[in-house]
1. Looking at the chain, what % of the alpha carbon pairs are farther apart than 32 Å?
2. Using 0.36 nm per residue of separation minus the Cα-Cα distance, give me the extension gain between R52 and K367 in nm, one decimal.
3. May I ask you to evaluate 6.51 cos²θ - 1.76 cosθ + 1.60, the Karplus curve with θ = phi - 60°, for each residue of the stretch 245-259 and list the ³J(HN,Hα) values in order in whole Hz, giving x for glycine and proline?
4. Aspartates and glutamates near K179 by alpha-carbon distance under 12 Å, same-chain residues fewer than 8 away left out - which ones?
5. Over all directions, how big on average is the projection of the convex hull of the alpha-carbon atoms in the stretch 191-330, in square nanometres?
6. Taking only Cα atoms of the stretch 252-297, what ratio of Rg to Rh do you get with Rh as the Kirkwood inverse-distance radius?
7. Give me the accessible area per residue for the chain, probe 1.4 Å, as a whole number in Å².
8. How would R82, R301, R306, R170 line up by accessible area, probe 1.4 Å, largest first?
Amino acid sequence: MGFLDKAKQRSKEMMIREIMTLLPKFSMKNVIRMISIGEMMTHDPEYKQNARNLRNLFEEGHPAAILIKDVLNRLSPVCRNRLIKNLFINAFLDGIDTRKRILKEEGFQPPQFVVISPTMRCNLKCPGCYAGDYKQDEGLPFKLIDRILTECKELGMYFNVMSGGEVFMRKDIFDIWEKHNDMYFQVYTNGTMINEKVADRLAELGNVAPMVSAEGFEKETDERRGKGTFDKIVRAMELMKERGMVFGASVTETRENIETIATYDFVDMILEKGAMVIWYFQYIPIGRHPVFDIMPTPEQRDNLRRKIKEIRDSRPVFIGDFWNDGPYVHGCIAGGKEYLHITSTGAVEPCVFCHFAVDNIKDKPLKEAINSPFMRAIRAYQPYRENLLTPCMIIDSPEILRKVVKEFNAYPTCEGADQIITEFADDLDQYSEEYRKYADPAWEQEWKPRIGGEEQEAV
């Protein structure tokens, strides 16, 4: 390391120390100072702009600023420090610089994160589960998960998502999280296994944020997940709130519950329990006993998009709407653009909802799997349409999915996965056409002028 590099490293270490010193002393002035330091720490123009936008939210008193204030005040010291150091510094600031360096040196940029399913075993049997038809008796060996996470960090990925199956079925999963205590983990869980002992262990680690599945209120949740499930997840949230943890909710919207989960009453209930994040995922016909008829209608999907905008502008919560947020993330993020999925058998899928693969992580390094011909082809098609409100190759441009699967002879990673490109092909073609009747006018009127203005400003 040369003199200049050493000087840069010392400067970065000093800035990190200042952030960690300011962290416990919450004030508007200190938060704005921390954001400004973060802006100085990264060389990436997009991240610098994000920091400026965040500072503006505080100055405007936006609900998002209230959320950040709330998070910093409510979290335990361990959870707060891990959130800032592991997620915002290691993953977002240092990580992006590493990924940009790899882009410059090797011609491709690693994604922000990888989703890993350590196991597909689950203690529930929810109808329509996207993972319900994977083999239940297999799981990734500890050493392989360790290897994947180590390679993630070498590629600048210090944020990881774990799904399943039910992650907490793995008793050794806490050892993984502890060994990689410089990473931040978001874990999708049904919440029923988070008891006092588990909550205590998570609070000690501080680098794991569970996202608990909810289908609505007690009626909707218990109808899909089993009687008594709602009470269990409410208790799990209470335990995590008491311990000052970061956690959230994950909602699968169907034709039947979408009106409920898009209400202020539902969101306020989740917030009252202490959640700081809500993820919305639209049901699509994959997984256990897939059916097309419970998929939200195009009109319902458009209504949800509008409703979530209202909620974001009025409630202190981070909301991610997986299929409606295309404009915020420049379209589809799958195929290694911003993430990909490794199943419990090691199959490398473009997306957790796209159950096709060409490669297996057991046979090659993560870098090669990310940059495989299959993944590169998917990225070459992105965005699939100019209208980023229609970002998905499964439900918005289904002809793309069929094309790449055929071209690379991708195999279905679970029983029945090919139904999405065979049995449901005509239905999805019709759905995509119908949804464009809502999305295309919205894009032209609401988003295209805004996106164009941002691009001109960036230039």
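The values are calculated or read from the model by the stated rules, or taken from the named source; none is laboratory data. Since the model is a prediction, treat every value here as computed from it, not as a measurement. Positions of Cβ are backbone-derived with ideal geometry, glycine not excepted, and every protein chain shown enters the neighbour counts. For accessibility, only protein heavy atoms count, side chains too; no ligands or nucleic acids. Shrake-Rupley method; radii C 1.70, N 1.55, O 1.52, S 1.80 Å.
1. 38
2. Difference between extended and current length: 110.2 nm.
3. Whole-Hz 3J(HN,Hα) from phi for the stretch 245-259: 9, 7, 7, x, 10, 10, 10, 9, 8, 10, 4, 8, 10, 5, 5.
4. The qualifying aspartates and glutamates are D146.
5. Mean shadow area of the hull around the Cα atoms is 9.0 nm².
6. Radius of gyration over Kirkwood radius for the stretch 252-297 works out to 1.06.
7. 44
8. Largest accessible area first, the residues go R306, R82, R170, R301.
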